[in-house]
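Below is one structure, written out as structure tokens, with a few remarks after it.
Throughout, read-outs are computed from the coordinates displayed, never taken from laboratory work. In this text, all values refer to a predicted model and were calculated from it rather than measured experimentally. Positions of Cβ are backbone-derived with ideal geometry, glycine not excepted, and every protein chain shown enters the neighbour counts.
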Amino acid sequence: MKHGRRIDRRRAWQFAVVPVRRVGDELEVLSTVRHAPRAMRFIRNVLGLEPRVRLVDEAHLLGALRDRFALEGGEPRWMHPGRFDLSHFQLGDNGD
């Protein structure tokens, strides 16, 4: 990988992606139809891996993010199933 060996909490929420496993230079992740293109660009361009995306609904993704990457102090009010919108995050990564 170019910039580290894992997806950290901030990037998981920013790119709406939860890693499942890595095999060689392929990274299997969970994402949604809506967020998969951006997540795939992040994985290719920033991590230097080939993405394999398992599509899930937003409620499932949100549960996986909460389980693996809980946010200290809780989640923002807007982050809940049915209104899972990360588009306002502009944290400067090259994954957009």
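For the stretch 9-68, a simple Cβ point-charge model (Lys and Arg +1, Asp and Glu -1, everything else neutral) yields a dipole of about 240 debye relative to the Cα centre.
Extension gain for the segment residue 72 to residue 25, taken as residue separation times 0.36 nm less the Cα-Cα distance, is 13.8 nm to one decimal.
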